[in-house]
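Undergrad: Provided herewith is a single structure, encoded as structure tokens, for subsequent inquiry.
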């Protein structure tokens, strides 16, 4: 068994911190600034810009076992026109299972809305590695613009020993890959 190297004789840890200490904070000035910012209003144009950006960045997802081409078509219609108000922009993407990608692509033809597809046995990832890779290839061949892959988010020694299928997929996929991490448990 390997031993940790011994420290040289007479070695002492520095008493002074290696990073200089940040100066003190003027609490009164901080409170005054926070109060003045809280009273400011955001201009209407800025609010509208932020809301527009928020809608254009979101996706609509349906990942039910009972999904049908009709349900996906309705979701795609909603994605292209989220509201009766025509000033509301289309969303960024629709996310579906791989077998429904062709239906989504057909319904979204001519629009800027992209089609995302889950793969690799999402969300559980309980597929053998080769099946995961085939699942990604299949989703792309069916027309997915983006593939969503679950990841265990391993780090350190676990990643070295077990590897990362998600990383392997993201490096070799012919389209963008979004890695979805499972929720943290307490």
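Throughout, read-outs are computed from the coordinates displayed, never taken from laboratory work. Every value quoted in this text rests on a predicted model; they were computed, and no experiment measured them. Quick reminder, even Gly has a Cβ in these numbers, built from the backbone with ideal geometry, and neighbours come from all protein chains shown.
Undergrad: As a footprinting exposure proxy, order 142, 100 by other Cβ within 10 Å, with the fewest listed first.
TA: 142, 100
Undergrad: May I pose another question? Stretch residue 36-residue 126 to full length: gain in nm at 0.36 nm per residue minus the Cα-Cα span?
TA: Extra length available between residue 36 and residue 126 comes to 27.1 nm.
Undergrad: Let me ask something else about it. Which whole-number percent is the relative contact order of the range 43-180 (Cα, under 8 Å, 6+ apart)?
TA: Relative contact order, the range 43-180: 18 percent.
Undergrad: Additional query: Rank the residues 43, 132, 78, 105 as a footprinting-exposure proxy: fewest other Cβ atoms within 10 Å of their Cβ go first.
TA: Lowest count first: 43, 78, 105, 132.
Undergrad: Once the principal axes of the Cα atoms of the range 67-129 are found, what is the range along each, listed largest first in whole angstroms?
TA: On the principal axes, the range 67-129 reaches 46, 18, 18 Å in Cα extent.
Undergrad: Could you put 75, 108, 178, 53 in order, starting from the residue whose Cβ has the fewest other Cβ atoms within 10 Å?
TA: 53, 178, 75, 108
Undergrad: Also: State the extension gain, in nm to one decimal, for the chain segment bounded by residue 73 and residue 167, taking 0.36 nm per residue of separation less the distance between their alpha-carbons.
TA: Between residue 73 and residue 167, full extension yields 30.6 nm more.
Undergrad: How far apart, in nm, are two points set 7 Å out from the Cα along the Cα-to-Cβ line at residue 179 and at residue 45?
TA: 4.1
Undergrad: Roughly how many nanometres apart are two label points built 7 Å out from the Cα toward the Cβ at residue 25 and residue 57?
TA: Using points 7 Å along Cα→Cβ, the separation is 2.5 nm.
Undergrad: Over the range 43-180, how many percent of alpha carbon pairs lie in each 10 Å bin up to the one with the longest distance?
TA: Pair shares across the bins are 12, 37, 29, 16, 6, 0.
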